[in-house]
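Some notes on the structure that comes next.
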Amino acid sequence: MADTQHSPWWSWTWPALAWVVLALSVVLGGGVVAAAAGILLIATVFAAVYHAEVVAHRVGEPFGTLILAVAVTIIEVALIVSIMLAKSDEAAGLARDTVFAAVMIACNGIVGLCLLVGGARHREQGFQLEGASAALAVLGALTVLSLIVPNATTTKPGPYFSTSQLIFAGAASLVLYGSYVFVQTVRHRDYFLPVKPVSADEHAPPPSTRRALLSLGLLVASLVAVVGLAKVLTPALEAGVAWLEAPKAVVGIVIASLVLLPEGMAAVKAARANQLQTSLNLALGSALASIGLTIPVVVLVAITFGQRLELGLVTLDQVLLALTLFIGVVTLGTGRTTVLQGIVHLVLFAAYLFLAFVP
């Protein structure tokens, strides 16, 4: 857990420099600015994780992980919408690609790495089975309704929804995610609390309200800077993807990876501290927030501006999603995990990345 008394100099210096580079990118361009943006993006991610830990220590679980998941997703949505509005029909599938990438990164990449790191350090780890089951149930409904059903409807040929179907999909996503947040924070909050506190810092006094609010502000500033820098790097990214002759879906993978970096690092750190429940709250919560908040917003944008919105996944991605959900249910179905489950999820994640380049 982060130090609750004093903030290290880099926790505010890196975000400040990131904003300076963002300002310079408006009037300048070129490789120097892009290189600086890349370096500061990684540094600012570390700052975001630090401030997220301070806020989490103040408000406790599961509110701390929820704050980070929702904050990151809101910024992710802003990035997707800005690209949609700028490129119109060229970005018809960007929301689908980014949301799907976020789900695969969170459920296979982050979860797999947490289980591997935690299992290697602690042999076996426990978590709240009820909380994991609730998250997987909502995630399954969200992903299938938003990313697979568009290929099966007949009112409008897939992978598209008609306007009324888009409205229903957006409303259903909001209801499902809102219900999950209510259960997580109010009705059954105990389902998402750590099995037992094992970190020594758990007994440290929480930061003051003023300190927590300052870190919350710096967290938001850091997350906005991360996404802003990611957008600065997007042209270079797209040029690299074109040069490699890779599928356009790779752009969504990189965007989701950059946006999920803070949560991924925080989740792995929690797993090393034998707080697997916190890791799962972060990983599964980020996947749920990514799809539950993104779909309603992009639906609203698409309807308002008359843009095409391609939501249905191709057959290969549908198979990978089904396999991910199935393995997730098996992995998290006992309340205990080892390195084996981590390896399985990481192999699935490697398969997803490989097949994204070689479909």
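Output the residue which, of all residues in the range 332-350 that are out of contact with any strand residue (DSSP E or B) (no Cβ under 9 Å at 6 or more places or on another chain) and of a type in the set (G, A, S), is nearest to A271 (Cα to Cα). Ranking the candidates gives G342 first. So if I check each of V268, V298, which one is over 26 Å from P359 (Cβ atoms), in a helix (DSSP H, G or I) and at pLDDT 80 or above? When all the criteria are applied, what remains is V268. For the range 348-359, filtered to residues that are touching a residue at least 60 places away in the same chain (Cβ under 8 Å) and not in a loop (DSSP other than H, G, I, E, B), the residue that is farthest from G240 (Cα to Cα) is L348.
Of all the numbered requirements in (1) over 27 Å from L233 (Cα atoms); (2) acidic (D, E); (3) under 10 Å from the mean Cα position of the chain (by Cα), E76 misses one, and that requirement is (1). Of all residues in the range 109-126, those that are closer than 25 Å to L320 by Cβ and either surrounded by fewer than 23 Cβ atoms within 10 Å (Cβ to Cβ) or out of contact with any strand residue (DSSP E or B) (no Cβ under 8 Å at 6 or more places or on another chain) (or both) total 9. Taking only the range 321-347 into account, find how many residues are surrounded by 21 or more Cβ atoms within 10 Å (Cβ to Cβ), of a type in the set (A, V, I, L, M, F, W, C) and closer than 28 Å to T153 by Cβ. The number of residues fulfilling the criteria is 1.
What residue, among those in the range 56-77 that are part of a helix (DSSP H, G or I) and buried (at least 24 other Cβ atoms within 10 Å of the Cβ), is modelled with the highest pLDDT? Among those that are part of a helix (DSSP H, G or I) and buried (at least 24 other Cβ atoms within 10 Å of the Cβ), it is V77. Of all residues in the range 159-193, exactly one satisfies the criterion of being under 21 Å from the mean Cα position of the chain (by Cα) and not in a helix (DSSP H, G or I), namely L193. Looking at the structure I just gave you, is V226 at pLDDT below 85 and in contact with a strand residue (DSSP E or B) (Cβ under 7 Å, 6 or more places away or on another chain)? No: the conditions fail for V226. Looking across A266, A322, one residue alone is within 30 Å of G38 (Cα to Cα) and among the aliphatic types (A, V, I, L, M). It is A266. May I ask you to list the residues in the range 139-158 that are surrounded by fewer than 23 Cβ atoms within 10 Å (Cβ to Cβ) and within 23 Å of the chain's Cα centre (by Cα)? Matches in the range 139-158: G140, A141, V144, L145, I148, V149. Remark: pairs (first residue in the range 121-135, without any contact (Cβ under 8 Å) to a residue 60 or more places away in the chain; second residue of a type outside the set (S, T, Y) and surrounded by fewer than 16 Cβ atoms within 10 Å (Cβ to Cβ); Cβ separation under 9 Å; 6+ apart in sequence or on different chains) = A134/H188. Checking each residue in the range 297-342 for being aromatic (F, W, Y) and in contact (Cβ under 8 Å) with a residue 24 or more places away in the chain picks out only F305. Which members of the range 35-54 meet the condition of being touching a residue at least 40 places away in the same chain (Cβ under 8 Å) and more than 18 Å from the chain's Cα centre (by Cα)? Once the filter is applied, which keeps residues that are touching a residue at least 40 places away in the same chain (Cβ under 8 Å) and more than 18 Å from the chain's Cα centre (by Cα), the range 35-54 yields A37, G38, L40, V54.
From the list L129, L136, which one is of a type in the set (A, V, I, L, M, F, W, C), out of contact with any Pro (no Cβ under 9 Å at 6 or more places or on another chain), closer than 30 Å to A351 by Cβ and crowded, with 18+ Cβ neighbours inside 10 Å?
L136
Scan the range 305-314 and tell me whether some residue there is surrounded by fewer than 18 Cβ atoms within 10 Å (Cβ to Cβ) and aliphatic (A, V, I, L, M). Yes, the range 305-314 contains a residue that is surrounded by fewer than 18 Cβ atoms within 10 Å (Cβ to Cβ) and aliphatic (A, V, I, L, M). Filtered by the rule that a residue be of a type outside the set (A, V, I, L, M), on the phi < 0 side of the Ramachandran plot and assigned to a loop (DSSP other than H, G, I, E, B), the range 27-47 gives a lone residue, G29.
The values are calculated or read from the model by the stated rules, or taken from the named source; none is laboratory data. Bear in mind the structure is a predicted one, so any value in this text is a computation, not a measurement. Every residue, glycine among them, receives a Cβ derived from its backbone with ideal geometry; neighbour counts consider all protein chains shown.
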